[in-house]
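Working notes for the structure below.
The values are calculated or read from the model by the stated rules, or taken from the named source; none is laboratory data. These numbers come from a predicted model, not from an experiment. Here the Cβ positions follow ideal geometry from the backbone for every residue, glycine too, while neighbour counts run over all protein chains shown.
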Protein chains: 2
Amino acid sequence: MPTVDVHTHLYPPLYTSLLRSRTTVPYIFPSPTAGDRLVILPGEDTSSPTRGRPIAPSYHSISHKLSFMSRHGIDISVLSLANPWLDWLPPAEAGSVAREVNDDMDATCGQHPGKLFFFATLPLSASVEEIVAETRRVARLKYCRGVILGTSGLGNGLDDARLDGVWQALAEENLVVFLHPHYGLPGEVYGPRAGEYGHVLPLALGFPLETTIAVTRMLLSGVFERFERLQVLLAHSGGTLPFLAGRIESCILHDGHLSKEGKIEGRRKVWDVLRKNIYLDAVIYGEPGLKAAIDVSGSDRLMFGTDHPFFPPLGEDEDEEWLSVKLNSQAVQSALGGDKAHVEAVMGGNAVKILRLS
Amino acid sequence: MPTVDVHTHLYPPLYTSLLRSRTTVPYIFPSPTAGDRLVILPGEDTSSPTRGRPIAPSYHSISHKLSFMSRHGIDISVLSLANPWLDWLPPAEAGSVAREVNDDMDATCGQHPGKLFFFATLPLSASVEEIVAETRRVARLKYCRGVILGTSGLGNGLDDARLDGVWQALAEENLVVFLHPHYGLPGEVYGPRAGEYGHVLPLALGFPLETTIAVTRMLLSGVFERFERLQVLLAHSGGTLPFLAGRIESCILHDGHLSKEGKIEGRRKVWDVLRKNIYLDAVIYGEPGLKAAIDVSGSDRLMFGTDHPFFPPLGEDEDEEWLSVKLNSQAVQSALGGDKAHVEAVMGGNAVKILRLS
């Protein structure tokens, strides 16, 4: 049974060249002292010459990706463009850039047939018609198995009814939506000392909380009633959805407004959506969280991932085994009590089946 | 073995009379058409004559509390003032009001000896000296077993070094800190359609996410290294901390800034703090989350709670068994596989031991 990484990003040269031409977030800043710097989070956009992060070769190089894969025993990677994808493109350019980027990804995968697949990127700043057209088009690309989506949607979140045409096309084309955070939470929630903690608060909390809010808004707006076949893979084991599912369901059951509007009955329960529409990656770095993920969605809906190229070892040597990867694969082993069949399923078998990788 | 509710609030008449004299949040609004309305969340502060919520008798009446307890087989309640406590008082008044409120709570408990205990409220807008003085004073009140604390601290969060004197006094006096959310998240994270979902988003997500951010800031600022004996009871099973503990620990281990500052080694691991300094209530309305709570802190650190008077049944009849209570007690049963000794410990035994209730 192959090992499959469903959460692994790339900033292909075509994409970085777009970012190089910009001066507002997201952009690449040619630092006079520190090489090219990638600035993608609003919090990184300072005037420091070392703002953002260096663009390591692992960010854009396929040979680095393949060497990372072989070093960690990963047989298949399902690549996705890294955040913030194409959310920021001028509407008139979005459609054509998306076609270029997706064709480029498909061609990259085609150079390593059977080893690489990808989640496509949608031109979200374009018209719904263009987004739907690109959805239909990427479904026909040989190595495309889904789309990666941020939480902003058309600018107003994923509970925006204007997205219905997109959900419909995605469900009809059997494309998995890989829902991934980027925008985090407003900086003030971290308080005046956040800078002392490096990137821990926005990465450890902002990202999963953003995902949780986005998918809960989808739940509450009835997306999963309107599109019962829609399949969403939630990054980072669902943000915090598996842990909060009970509280969300209870808050719905106790809400006077929803009751008055007749919105409590007839609705699909949170537990039901988790079991039928939600896939979770196993990117959570610990056993307790992973067990909760298994409890709510089932080990048959959980898929291993690495978040490569992020969270490399802190030392200079990127060629060692990555601790971030080990924490995740160990969690899979221990959460499943070492049960071989289940471990193999989470490490790859589920992805092969769900994403049709054979 | 008695059943103990460690998460149960009261708005005593002394407190509501303070709120009645105010016109900005938090305040009580005498609606011309809808009786007295309690407005405590910024999002509730509209111009509607039905803004906020009615002050049900269950909010302030001890006889309602006792009848709720007997109806649900609860033998002992550890009362706490409801949010937003005394965070908002003018500094010059805070100390004396806190003394009055805490003495009043102690007297209330004294009227039902052995049935009622309480978490005191600190005058956080006063000077640190006054806060510490009130901490030392409440430790000597007969029925006080800890203090309830919001996430704002002195106004800059719980990672504020100016709180060190307070943490020290709390640890020395063996008072448990019941950390409870109130401020939620900035409204924009819920998007333009949040109003359609009643109070679900701020209550189901805002509250637990606020708690998670607050306690993670405590962790990162070294509170638990400086005060190894400090004991913190986290509301709502830790917000989302049990689920995110692995990601937080991994983000610390991979943070370049923390590494450069020498802050990764020597630190206590998140897992260690969870096992030695964190208590969790069992207010999470579902088995998967509760199992994660048990996994990280141990069933010996978990204590049943109800969040009364919030989440009453939606029907008119508050005298039935509350669904919100049943969801939590059922989760305790199922998460512990019905193991009688462990269930009894979580339902009361742990609280008796930890809070010295016998």
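Taking region B:138-148, which residues are free of Cβ contacts under 8 Å to residues at least 40 places away in the same chain and either more than 22 Å from B:Arg99 (Cβ to Cβ) or of a type outside the set (Gly, Ala, Ser) (or both)? If the condition is that a residue be free of Cβ contacts under 8 Å to residues at least 40 places away in the same chain and either more than 22 Å from B:Arg99 (Cβ to Cβ) or of a type outside the set (Gly, Ala, Ser) (or both), then B:Val138, B:Arg140, B:Leu141, B:Lys142, B:Tyr143, B:Val147 are the ones that fit.
Take A:Ser125 and decide whether it is away from chain B (no Cβ under 14 Å) and not hydrophobic (A, V, I, L, M, F, W, C). For A:Ser125, the condition - away from chain B (no Cβ under 14 Å) and not hydrophobic (A, V, I, L, M, F, W, C) - is met.
State all residues of region B:300-328 that are small (Gly, Ala, Ser), surrounded by fewer than 22 Cβ atoms within 10 Å (Cβ to Cβ) and closer than 18 Å to A:Gly246 by Cβ; if no residue qualifies, say none.
B:Ser324
Just to be sure before I move on: is B:Leu158 within 14 Å of another protein chain (Cβ to nearest Cβ), touching a residue at least 60 places away in the same chain (Cβ under 8 Å) and not acidic (Asp, Glu) in the structure I sent? Answer is yes for this residue. In this structure, is A:Thr108 closer than 22 Å to A:Arg356 by Cα, among the polar types (S, T, N, Q) and surrounded by 21 or more Cβ atoms within 10 Å (Cβ to Cβ)? Considered against the rule, which asks whether it is closer than 22 Å to A:Arg356 by Cα, among the polar types (S, T, N, Q) and surrounded by 21 or more Cβ atoms within 10 Å (Cβ to Cβ), A:Thr108 comes out as no.
Where residues in region A:262-274 are in a helix (DSSP H, G or I) and within 12 Å of chain B (Cβ to nearest Cβ), which of them is nearest to A:Val325 (Cα to Cα)? Full working, then the answer.
Of region A:262-274, the ones in a helix (DSSP H, G or I) are A:270-274.
Those still in the list that are within 12 Å of chain B (Cβ to nearest Cβ) too: A:270-271, A:274.
Values: A:Val270: 30, A:Trp271: 29, A:Leu274: 25 Å.
Restricting to residues being in a helix (DSSP H, G or I) and within 12 Å of chain B (Cβ to nearest Cβ), the top hit is A:Leu274.
Filter region B:149-161 down to residues that are surrounded by fewer than 23 Cβ atoms within 10 Å (Cβ to Cβ) and not polar (S, T, N, Q) and give me whichever is nearest to B:Val101 (Cα to Cα). By that ranking, first place goes to B:Gly150. Selection of region A:334-343 for residues being surrounded by fewer than 16 Cβ atoms within 10 Å (Cβ to Cβ), assigned to a helix (DSSP H, G or I) and away from chain B (no Cβ under 11 Å) yields A:Lys340, A:Ala341.
Considering only residues of region A:181-209 that are assigned to a loop (DSSP other than H, G, I, E, B) and either more than 23 Å from the chain's Cα centre (by Cα) or more than 8 Å from chain B (Cβ to nearest Cβ) (or both), which is nearest to A:Ala293 (Cα to Cα)? Full working, then the answer.
Step one: of region A:181-209, the residues assigned to a loop (DSSP other than H, G, I, E, B) are A:181-186, A:191-193, A:198-199.
Subsequent filtering for residues that are either more than 23 Å from the chain's Cα centre (by Cα) or more than 8 Å from chain B (Cβ to nearest Cβ) (or both) retains A:181-184, A:191-193.
Values: A:Pro181: 18, A:His182: 21, A:Tyr183: 23, A:Gly184: 21, A:Gly191: 30, A:Pro192: 33, A:Arg193: 32 Å.
It comes out as A:Pro181.
Restricting the first member to region B:121-133 and to residues that are touching a residue at least 24 places away in the same chain (Cβ under 8 Å), and the second to residues that are of a type in the set (S, T, N, Q) and buried (at least 19 other Cβ atoms within 10 Å of the Cβ), the beta-carbon pairs closer than 7 Å and six or more apart or on different chains are B:Thr121/B:Asn102; B:Leu122/B:Thr135.
Among the residues of region B:163-180, how many are more than 14 Å from chain A (Cβ to nearest Cβ) and in a helix (DSSP H, G or I)?
We begin by selecting, within region B:163-180, every residue more than 14 Å from chain A (Cβ to nearest Cβ); these are B:165-180.
Retained after the next criterion (residues that are in a helix (DSSP H, G or I)): B:165-172.
Result for region B:163-180: 8.
Which members of region B:237-261 meet the condition of being more than 7 Å from chain A (Cβ to nearest Cβ) and not in a helix (DSSP H, G or I)? Residues satisfying the conditions are B:Gly239, B:Glu261. Might you check whether a residue that is out of contact with any Asp or Glu (no Cβ under 7 Å at 6 or more places or on another chain), of a type in the set (Asp, Glu) and within 28 Å of A:Glu129 (Cβ to Cβ) occurs anywhere in region A:76-96? Yes; the residues of region A:76-96 include at least one that is out of contact with any Asp or Glu (no Cβ under 7 Å at 6 or more places or on another chain), of a type in the set (Asp, Glu) and within 28 Å of A:Glu129 (Cβ to Cβ). Counting the residues of region A:34-78 that are in contact (Cβ under 8 Å) with a residue 24 or more places away in the chain, among the hydrophobic types (A, V, I, L, M, F, W, C) and closer than 30 Å to A:Thr24 by Cβ gives 6. Any chance region B:275-295 includes a residue that's closer than 19 Å to B:Asp75 by Cα and either facing chain A (nearest Cβ under 9 Å) or without any contact (Cβ under 8 Å) to a residue 12 or more places away in the chain (or both)? Looking for residues that are closer than 19 Å to B:Asp75 by Cα and either facing chain A (nearest Cβ under 9 Å) or without any contact (Cβ under 8 Å) to a residue 12 or more places away in the chain (or both), one finds at least one in region B:275-295, hence yes. Taken as a whole, region B:76-86 holds no residue that is surrounded by fewer than 21 Cβ atoms within 10 Å (Cβ to Cβ) and more than 26 Å from A:Asp255 (Cβ to Cβ).
Is region B:313-330 home to any residue that is under 20 Å from A:Trp271 (Cα atoms) and assigned to a loop (DSSP other than H, G, I, E, B)? If you could, list the steps in order and put the result at the bottom.
So in region B:313-330, the residues under 20 Å from A:Trp271 (Cα atoms) come out as B:323-330.
So of that shortlist, the ones also assigned to a loop (DSSP other than H, G, I, E, B) come out as none.
Checking region B:313-330: not a single residue is under 20 Å from A:Trp271 (Cα atoms) and assigned to a loop (DSSP other than H, G, I, E, B).
If you filter region B:38-66 down to residues that are out of contact with any Gly (no Cβ under 8 Å at 6 or more places or on another chain) and β-branched (Val, Ile, Thr), you find that the one that is surrounded by the fewest Cβ atoms within 10 Å (Cβ to Cβ) is B:Thr46.
Restricting A:Leu233, A:Leu314, A:Leu220, A:Leu323 to those that are more than 17 Å from B:Cys251 (Cα to Cα) and within 12 Å of chain B (Cβ to nearest Cβ) reduces the list to A:Leu220.
For every residue, the table says whether it meets (1) more than 22 Å from the chain's Cα centre (by Cα); (2) not small (Gly, Ala, Ser).
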{"position": "B:Val215", "(1), (2)": "no, yes"}
{"position": "B:Leu230", "(1), (2)": "no, yes"}
{"position": "B:Leu233", "(1), (2)": "no, yes"}
{"position": "B:Gly246", "(1), (2)": "yes, no"}
{"position": "B:Ser250", "(1), (2)": "yes, no"}
{"position": "B:Leu280", "(1), (2)": "no, yes"}
{"position": "B:Gly286", "(1), (2)": "no, no"}
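Looking at this structure, is B:Asp164 touching a residue at least 24 places away in the same chain (Cβ under 8 Å), surrounded by fewer than 21 Cβ atoms within 10 Å (Cβ to Cβ) and acidic (Asp, Glu)? Yes: the conditions hold for B:Asp164. Being assigned to a loop (DSSP other than H, G, I, E, B) and either modelled with pLDDT of 95 or more or not acidic (Asp, Glu) (or both) narrows it down to one of B:Gly114, B:Gly95, so name that one. Answer to the selection: B:Gly114. With the condition kept exactly as written, say whether any residue in region A:94-102 is under 20 Å from A:Leu18 (Cβ atoms), within 14 Å of chain B (Cβ to nearest Cβ), surrounded by fewer than 24 Cβ atoms within 10 Å (Cβ to Cβ) and small (Gly, Ala, Ser). Checked region A:94-102: no residue is under 20 Å from A:Leu18 (Cβ atoms), within 14 Å of chain B (Cβ to nearest Cβ), surrounded by fewer than 24 Cβ atoms within 10 Å (Cβ to Cβ) and small (Gly, Ala, Ser).
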